[in-house]
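To start, the structure itself, in structure tokens.
The values are calculated or read from the model by the stated rules, or taken from the named source; none is laboratory data. Please read these numbers as outputs of a predicted model, since none were measured by experiment. Positions of Cβ are generated from backbone atoms using ideal geometry, with glycine treated the same way; all protein chains shown enter the neighbour counts. Accessible surface areas use protein heavy atoms only, side chains included; no ligands, DNA or RNA. Shrake-Rupley method; radii C 1.70, N 1.55, O 1.52, S 1.80 Å.
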Amino acid sequence: FENPNTKLAPEINYWIGWSEKNLKRDNFFSSGDLFLKQCIKRYPKSAIAPKCLEEYRESVEFEFSGSSGRNIPDDIQKELVRLKQLIDLK
């Protein structure tokens, strides 16, 4: 947050998001999704942005999956499409 323009900012967002996502699976509170989305929104042209999107997508699928299958709300589905479009504009 202190150096958002450093070349490492996209990587930092990815690794914080990845760590938080995996901690969430062990029932810890998570803000990882926010870092992963920030990675995509602020740095869509970075090499790691597609990884951030994949991690975020996996996190969403995990969060909205249960015994009745996967039930991702429409607004979240649309957000995933918009985030992918940001990356595809490279």
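Considering only 13, 22, 71, the mean-square fluctuation computed in a Gaussian network model of the chain, springs between alpha carbons under 10 angstrom, is largest for 71. Using θ = phi - 60° in the Karplus curve 6.51 cos²θ - 1.76 cosθ + 1.60, the 3J(HN,Hα) couplings for the range 65-79 round to 10, x, 5, 8, x, 9, 9, 7, x, 4, 5, 6, 4, 5, 4 Hz; x is entered for Gly and Pro. Couplings 3J(HN,Hα) of the range 8-24, computed from phi: 8, 4, x, 5, 4, 4, 4, 5, 5, x, 4, 4, 4, 4, 6, 5, 4 Hz, in residue order, whole Hz [Karplus 6.51 cos²θ - 1.76 cosθ + 1.60, θ = phi - 60°; x for Gly and Pro]. Taking a straight Cα-Cα cut-off under 20 Å and skipping sequence neighbours fewer than 8 places away in the same chain, the aspartates and glutamates within cross-link reach of residue 84 are 11, 33, 54, 55, 58, 61, 63, 74, 75. Across the range 46-62, rounded Karplus estimates of 3J(HN,Hα) from the backbone phi angles (6.51 cos²θ - 1.76 cosθ + 1.60, θ = phi - 60°) give 6, 5, 8, 4, x, 5, 4, 5, 5, 5, 5, 4, 4, 5, 4, 4, 5 Hz, Gly and Pro being marked x.
If you roll a 1.4 Å probe over the chain with all protein chains in place, what percent of the accessible area is carbon or sulfur? Spell out each step's value before the answer.
Numbers: 3330 of 6170 Å².
Carbon and sulfur atoms account for 54 percent of the accessible area of the chain.
Equivalent-ellipsoid semi-axes for the chain (Cα gyration tensor, √(5λ), whole Å, largest first): 23, 17, 9. At full extension, residue 3 and residue 22 could sit 4.3 nm farther apart than now, given 0.36 nm per residue minus the alpha carbon distance. When the GluC sites (Glu not before Pro) in the chain are filtered for DSSP coil states and for at most 13 other beta-carbon atoms within 10 Å of their beta-carbon, the remaining sites are 2. Counting only protein heavy atoms and a 1.4 Å probe, the chain has 69 square angstrom of accessible area per residue. Per-residue extension of 0.36 nm, minus the Cα-Cα distance of residue 65 and residue 41, leaves a gain of 6.1 nm for this segment.
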